Amino acid sequence: MPELPEVEYERKRLQRAMAGARIRDVILRRANLRYAFPSDFVRRLAGQRVRGVARRAKYLLAELGSGDVLLMHLGMSGSFRVVHRNTRERVPDEGRYNLHDHVIFEVSTGAIVVFNDPRRFGFMTLLAPGEVDTHATLGRLGPEPLAPRFDASALAKELRQRRTTLKAALLDQRVIAGLGNIYVCEALHRARLSPLRRASTLTTQAGEPRPALNLLVQAIREVLKEAIRNQNRPGGDDDRFRVYDREGRRCPRRGCGGTITRIVQGGRSTFYCPVCQS
DNA sequence: AACACCCCCTGTCGGC
DNA sequence: TGCCGACAGGGGGTGT
């Protein structure tokens, strides 16, 4: 599931469960997820205090007392669950975990944090102090869409030279960090922009944002903020999205009357309304 | 640079 | 009912 709003949700839960507390122990129930765990993974985590849990794009970063950073990615199917147990109780039996519970953190508060990831596209690793800044992928990430410094001018600089489609450009984490397939579709619909439009056409020759780009920036912010705001409430799973996974339905825009269409771009589904998105 | 294609892995869903 | 392919919200790699 996890795009920026979902990762932010997991961050808050981890922050509540772990911040200020100590990691008593870590149980790895397999040697790898997407990548192998570092051989000293457990040793470097055990006994460490968690200063806080931060998010960058779709990455989670738990800062430890040692200065190490626990870097985590949820991949396509990763999620955490937090079990609160009486601290006097014994460590749970192996048998109480599910098939895809791969990593278990036992926290000094008595909370037990379980990472579950059926597809195992997620990963965890440890970065020494300083490695956060030099990390290949983290270093190349584009701006956070919810950060104040992110605006139409910033996005214009990235899109100006791109001859690729808007859909592909917005999915590129170097252009803007944290959007995924769903929220790109949703933001483009809100901004009434075609996913097939060339990215560079939202800027002037000089690289200044055209009016449509201002609308897009606003749409991206709104879509993400709404998703973050709504994720506590029980899922009206059906009307959560306006276009995503709604092929064949009526466009929800008042007076549009178009039909949501599915196309494939870069091997991934795009949902949009060909009538009001141009 | 950008594209098209491949991979990683498991689960689910629709069609037959 | 079972089988089988298509597809899934992630990223990364290749070759053209």
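Residue-wise test of (1) more than 20 Å from the chain's Cα centre (by Cα); (2) more than 17 Å from A:LEU224 (Cβ to Cβ).
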residue: A:LEU138; (1), (2): no, yes
residue: A:LEU155; (1), (2): no, no
residue: A:CYS185; (1), (2): no, no
residue: A:LEU193; (1), (2): yes, no
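Just the residues that are closer than 21 Å to A:ARG149 by Cα and in a helix (DSSP H, G or I), please, taken from the stretch A:201-219.
Within the stretch A:201-219, A:LEU202, A:PRO211, A:ALA212, A:LEU213, A:ASN214, A:LEU215, A:LEU216, A:VAL217, A:GLN218, A:ALA219 qualify.
Take the stretch A:139-163 and flag every residue that is touching an Asp or Glu at 6+ places or on another chain (Cβ under 9 Å) and within 13 Å of DNA strand C (Cβ to nearest atom).
Matches in the stretch A:139-163: A:GLY139, A:GLY142.
Going residue by residue through the stretch A:201-222, is there one that turns out to be within 16 Å of DNA strand B (Cβ to nearest atom), of a type in the set (S, T, N, Q), surrounded by fewer than 19 Cβ atoms within 10 Å (Cβ to Cβ) and in contact (Cβ under 8 Å) with a residue 24 or more places away in the chain?
No: zero hits.
Within the stretch A:126-175, can you find the residues that are within 30 Å of A:PHE41 (Cβ to Cβ), part of a loop (DSSP other than H, G, I, E, B) and among the basic types (Lys, Arg)? Walk me through it before giving the result.
Let us first name the residues in the stretch A:126-175 that are within 30 Å of A:PHE41 (Cβ to Cβ), namely A:126-142, A:144, A:173-174.
Checking which are part of a loop (DSSP other than H, G, I, E, B) leaves us with A:128-130, A:135, A:141-142, A:144, A:173-174.
If the condition is that a residue be within 30 Å of A:PHE41 (Cβ to Cβ), part of a loop (DSSP other than H, G, I, E, B) and among the basic types (Lys, Arg), then A:ARG174 is the only one that fits.
Hey, any hits in the stretch A:77-94 for a residue that's out of contact with any helix residue (DSSP H, G or I) (no Cβ under 9 Å at 6 or more places or on another chain), within 15 Å of DNA strand B (Cβ to nearest atom) and within 30 Å of A:GLY180 (Cα to Cα)?
For the stretch A:77-94, residues out of contact with any helix residue (DSSP H, G or I) (no Cβ under 9 Å at 6 or more places or on another chain), within 15 Å of DNA strand B (Cβ to nearest atom) and within 30 Å of A:GLY180 (Cα to Cα): present.
For A:ARG254, which of the numbered conditions (1) in a loop (DSSP other than H, G, I, E, B); (2) surrounded by 13 or more Cβ atoms within 10 Å (Cβ to Cβ) fails to hold?
Against the list (1) in a loop (DSSP other than H, G, I, E, B); (2) surrounded by 13 or more Cβ atoms within 10 Å (Cβ to Cβ), A:ARG254 comes up short only on (2).
Among the numbered criteria (1) under 21 Å from A:LEU171 (Cα atoms); (2) in contact (Cβ under 8 Å) with a residue 60 or more places away in the chain; (3) not in a loop (DSSP other than H, G, I, E, B), which single criterion is violated by A:PRO2?
Here A:PRO2 clears every test but (3).
Assigned to a loop (DSSP other than H, G, I, E, B), closer than 20 Å to A:ALA31 by Cα, under 22 Å from the mean Cα position of the chain (by Cα) and touching a residue at least 12 places away in the same chain (Cβ under 8 Å): does that describe A:PRO118?
Taking the combined requirement at face value, the residue satisfies it.
Every number in this text was worked out from the coordinates using simple rules, so none of it is lab data. Keep in mind the model is a prediction, meaning the values are calculated, not measured. Don't worry about glycine lacking a Cβ; one is built from the backbone with ideal geometry, like all the others, and counts go over all protein chains shown.
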